[in-house]
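Data block below; observations after.
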Amino acid sequence: MTDENHPTVDRADVQELYPDDVFERCENYYAKGRVRERTRVDDTVTATVEGSQL
């Protein structure tokens, strides 16, 4: 996600935030189309994710 006021957030940026197993699960959810309603407000990115694990 990017806009004129915020830098791009890439895969490596997000991967640094989570343990490998959590990041892999997130990638699987995304690949299966379970990540929806992605939004960015200021420096916060949120999304609705359909899944069974926290």
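The values are calculated or read from the model by the stated rules, or taken from the named source; none is laboratory data. As the structure is a prediction and not an experimental result, all values here were calculated from the model. Cβ placement follows ideal geometry from the backbone for every residue including glycine, while neighbour counts extend to all protein chains displayed.
For the range 30-44: of the residues being within 14 Å of residue 14 (Cβ to Cβ) and among the β-branched types (Val, Ile, Thr), which is modelled with the lowest pLDDT? Applying the filter and picking the extreme gives 44. Within the range 1-35, being of a type in the set (Lys, Arg), surrounded by 10 or more Cβ atoms within 10 Å (Cβ to Cβ) and outside any loop (DSSP other than H, G, I, E, B) holds for one residue alone: 25.
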